[in-house]
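The structure under discussion appears below in the form of structure tokens.
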Amino acid sequence: MAYDKFKVLTSTAVPLPIENVDTDQIIPARFLKATERVGLGDNLFRDWRYNNDDSPKEDFVLNNAKFSGKILLGGKNFGSGSSREHAAWAIYDYGFRCVISSFFADIFRNNCLNIGVLPVQVSAEYSVKMFEAVNADPKTSITIDLENQKVTLDNTGESENFDINPYKKENMLNGFDDIDYLLNLKEEIKEFSKNTPL
Amino acid sequence: MKRFLKLLNLADSKKTIILQQMKKTLFDKVWDSHVVQQIKDGPDVLFIDRHMVHEVTSPVAFLGLDNRNIRVLYPERTFATADHNTPTINQHLPVADPLSAKQLDALEKNAKAHGISYWGLGHEKNGIVHVVGPEYGITLPGATIVCGDSHTSTHGAFGAIAFGIGTSEVEMVLSTQCILQPKPKKMRITIKGSLEKGVGPKDVALFIISQLSTSGATGYFVEYAGEVFNEMSMEGRMTVCNLSIEMGARGGMIAPDEKTFEYITGREFTPKGQNWDKAMEYWSDLKTDADAVFDQELVFDGNSIEPMITYGTNPGMGIGISKGIPKAESIDGGTATYKKSLSYMGYEEGDRMIGKEIDFVFLGSCTNGRIEDFRAFTEIVKGRKKASNVTAWLVPGSHKVEKAIEEEGLLDILKESGFELREPGCSACLAMNDDKVPTGKYAISTSNRNFEGRQGPGSRTLLASPIMAAAAAVTGKVTDPRTLIN
């Protein structure tokens, strides 16, 4: 499905300094029963965010009015576990357009790229710097410039470059979709399939 | 080739490098033979031989096809089964949960509309997607196999490249039988020697993950090699490959051998006649060339592996049964996350796992829901009784496994010991159905993930082998299974 173009994003961030955040925490399995991609943001981080009686847990960052924004600042090895794209959908549906971490799990990273959420991998040192800045001042502005592959803490101007596959970058900048690309290759694919041994 | 290199005026070291570059790993051979197109500076367009589909990650993908008004390109390469959401009792009755029922209906409707074979609830071939694939010969050596489920890595046991994908990618494969993927790096994990009594495939996998952590193989595709895997049964290889994703690897694979070909022979979807000969030609070369180069190589000694158990909230937090829970200061970084994890589990640093109380036992899942797992479990509980404090859920991976349990006489033994058998499905592995472990309760589970709340909100999971689960089921607490082996 086509998605919004991503060029430059300037926003405050929500800090979640926990390592190995797995997709079962991002969206627990019992919320995977939808047959459409709607309403998943309500259950983002459900069991960290709400008590069993559905009251909000005061100490969880999404319930802290000080922090808001379109950037989720996560700990190392973000998105490990299941392949559920619902995790990326929930993050998007909640309003995030970018996740920053010092390390991403593979499938989660791909899922994000496929729906228009930009995964930005920074160095461990820069990640620490970002957490410190955002915790010290929740209004800290961060700019993600995809064209120049650069993330900047706007107050201090401290920046770092990040990697992204050039093909994926082009897709994100233009809101292109892999399926459109593949559909254009259909004749080559059909030809290829005739000679496969299995 | 060597003669050709002689003609080139190169230093010997350069010649060696060129020769090595031409040597291919098992992974290279399968991957390279499936590349339809290489995008410059981009991912490869990879042709997919087999696509497995289940009810949870496919509905939105089918909606995408409907929106584009296109049909599944190769329905005959696509196989649908219902497993994640299904109840494990009274499967003959309508599914009570309306959301689950709707998702199951959607799969059936989509499969029919696109002419895909569909093994729904009650169908004799129904079961967990990664159990039925191999059972019916859908899983083949050298194949590329995907499914919207991270444990698709299971199929790598046959020498296939098999990996989990997201729903956008499910839509890609349904519509074009291809996926866009950058080629991963290659890692080989060799386990030498042999396994001690009471140590099995699950222990091997949990051991490797404990050494690498849950992100140690991220970006890699793993080949497992060495005596321990050569000796392992196909079921055992499936357990190990299944857990590859838990160390971050996209998948894991083992070169096909006589055992592999014996396993696949004569199964429903295995090629027959001329097609078999054509496939055999391809399969005969499916092994890593001597001197092929991996991006990373790890070697372990099989004899040093103990029965393993996890104590924390990710599969990398595992220890040998005789060991204590590591101290926070011995863990690399992330002390706060480590302490949060132990606090969730209700454990302290230094605690020993032996003797810890258990409330639930779960035998099943795509990791350990095969006949060999039920044989191993039964062997331990035979002649003993289920502990009264334990609720046990024994869930076969498929109807075929269920039938074998009955036919081999295992069911009688299990009943005699106070156990019941449920109907097939993913069940308490991810607790999408009613098989939920209550808040604060401890489950020893043969499944694959011990994440917070994985087996139900607030549940606490200890991952272990079928025999460790059996030992807990009859003693009511964590027990070294070696003390119960006859």
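No value in this document is a laboratory result; all are computed from the given coordinates. Computed from a prediction, not measured in an experiment: that's the story for all the values here. Every residue, glycine as well, gets a Cβ built from its backbone with ideal geometry; the counts of neighbours run over all protein chains shown.
Among all the lysines, which ones have a C-alpha under 26 Å from B:Lys385's C-alpha, if same-chain residues fewer than 8 places away are not counted?
B:Lys197, B:Lys202, B:Lys356, B:Lys403, B:Lys415, B:Lys436, B:Lys441, B:Lys477
So what's the gap between the Cα centers of the stretch A:58-78 and the stretch B:43-68, to the nearest angstrom?
Centre-to-centre (Cα) distance: 32 Å.
Using only atoms on other chains, find how many Cβ atoms lie within 10 Å of each Cβ of peptide A:5-13 and report the average.
Counting Cβ atoms of other protein chains within 10 Å of each residue's Cβ and averaging gives 0.
Among B:Met317, B:Ser330, B:Ile371, pick out the residue whose Cα is farthest towards the positive end of the charge dipole of the stretch B:309-484, where Lys and Arg carry +1 and Asp and Glu carry -1 on C-beta, about the Cα centre.
The residue sitting most towards the positive pole is B:Ser330.
Taking neighbour Cβ counts within 10 Å as the exposure measure, how do B:Lys356, A:Lys194, A:Lys186 sort from fewest upward?
Working: B:Lys356 19, A:Lys194 6, A:Lys186 15.
Result, fewest neighbours first: A:Lys194, A:Lys186, B:Lys356.
Along its three principal axes, how long is the stretch B:72-113 when you only count alpha carbons? Whole Å, largest extent first please.
Ordered largest first, the stretch B:72-113 gives principal extents of 35, 16, 15 Å.
Which is farthest toward the positive dipole end of the protein assembly as shown among B:His51, B:Gly226, B:Val72, measuring Cα position about the Cα centre, with Cβ charges +1 (Lys, Arg) and -1 (Asp, Glu)?
Farthest towards the positive end: B:Gly226.
Just how large is the dipole of the stretch B:309-484 about the Cα centre, in debye to the nearest 20, putting +1 at every Lys and Arg Cβ and -1 at every Asp and Glu Cβ? Present the calculation step by step, with values, prior to reporting the outcome.
On the way: 23 positive and 22 negative charges, 63 e Å.
So the magnitude is around 300 debye.
Can you tell me the dipole magnitude for the protein assembly as shown around its Cα centre, using point charges on the Cβ only (Lys, Arg +1; Asp, Glu -1), in Debye to the nearest 20?
Working: 76 positive and 90 negative charges, 104 e Å.
With Lys and Arg at +1 and Asp and Glu at -1, about 500 debye.
Treating the beta-carbon of each Lys and Arg as +1 and of each Asp and Glu as -1, no other charges, what is the dipole magnitude of the stretch B:275-333 about its Cα centre, to the nearest 20 debye?
Working: 4 positive and 11 negative charges, 93 e Å.
So the magnitude is around 440 debye.
Compute the separation of the alpha-carbon centres of the stretch A:126-181 and the stretch B:89-147 and state it in Å as a whole number.
That distance is 40 Å.
Using a 10 Å cut-off around each Cβ of peptide B:322-335, what is the average number of partner chain Cβ atoms that fall inside?
Details: counts 0, 0, 0, 0, 0, 0, 0, 0, 0, 0, 0, 4, 7, 1.
Mean shielding by partner chains, rounded to a whole number: 1.
Equivalent ellipsoid semi-axes for the stretch A:1-71, as square roots of 5 times the alpha carbon gyration tensor eigenvalues: give them largest first, rounded to whole Å. Intermediate results must be reported in sequence, preceding the final value.
Details: eigenvalues 96, 77, 27 Å².
One finds semi-axes of 22, 20, 12 Å for the stretch A:1-71.
Return, for the Cα atoms of the stretch B:357-451, the radius of gyration and Dmax in Å, separated by a comma.
According to the Cα coordinates of the stretch B:357-451, Rg and Dmax are 12.6, 37 Å.
When the Kirkwood radius is taken over all Cα pairs of the protein assembly as shown, what Stokes-Einstein diffusion coefficient follows at 4 °C and 1.567 mPa s, in µm²/s? Present the calculation step by step, with values, prior to reporting the outcome.
On the way: Rh = 25.6 Å.
The Stokes-Einstein estimate is 51 µm²/s.
Taking N as the number of residues in the stretch B:49-185, what value does Rg over Cα atoms divided by 2.2 N^0.38 Å take?
Here the Cα radius of gyration is 1.01 times the empirical estimate.
When a/c is below 1.5 the answer is rounded, else prolate if a/b is larger than b/c, else oblate, so apply that to chain A with a ≥ b ≥ c taken from the square roots of the Cα gyration tensor eigenvalues.
Details: a/c = 2.18, a/b = 1.35, b/c = 1.61.
Here chain A falls in the oblate category.
Over its Cα atoms, what ratio of radius of gyration to 2.2 N^0.38 Å does the stretch B:309-484 give? Let's see the in-between values first.
Working: Rg = 15.8 Å, N = 176, 2.2 N^0.38 = 15.7 Å.
Taking the Cα Rg and dividing by 2.2 N^0.38 Å, one obtains 1.01.
Need one value for B:449-458: mean number of C-beta atoms belonging to other chains within 10 Å of its residues' C-beta atoms. Intermediate values should be presented prior to the final figure.
Working: counts 6, 0, 11, 6, 8, 7, 2, 3, 6, 2.
Mean shielding by partner chains, rounded to a whole number: 5.
Please compute the Kirkwood hydrodynamic radius of chain B from all pairs of different C-alpha atoms, in Å with one decimal. Kindly include the intermediate steps, with their values, before the conclusion.
Details: mean 1/r = 0.0431 Å⁻¹.
It works out to 23.2 Å.
Which lysines have a Cα less than 21 Å from the Cα of B:Lys23, not counting those fewer than 8 places away in the same chain?
By straight Cα distance, B:Lys23 reaches B:Lys2, B:Lys6, B:Lys14, B:Lys15, B:Lys183, B:Lys185, B:Lys186, B:Lys287.
Averaging over all projection directions, find the projected area of the Cα convex hull of the stretch B:249-349 and quote it in nm² with one decimal place. The partial results should precede the final answer.
Working: hull surface 44.1 nm².
In nm², the orientation-averaged hull projection of the stretch B:249-349 is 11.0.
Which order do the peptides B:177-186, B:427-436 take when ranked by the mean count of other beta-carbon atoms within 10 Å per residue, highest first?
Numbers: B:177-186: 21.3, B:427-436: 24.7.
Going by the mean number of other Cβ atoms within 10 Å, highest first, we get B:427-436, B:177-186.
With unit charges on the beta carbons (Lys and Arg positive, Asp and Glu negative) and the dipole taken about the Cα centre of chain B, which residue among B:Val60, B:Ala292, B:Gly346 sits farthest to the positive side?
It is B:Ala292, whose Cα lies furthest towards the positive end.
Mind computing the radius of gyration and Dmax over the alpha-carbon atoms of the stretch A:18-119? Å is fine for both.
Both quantities, over Cα of the stretch A:18-119: 12.7, 35 Å.
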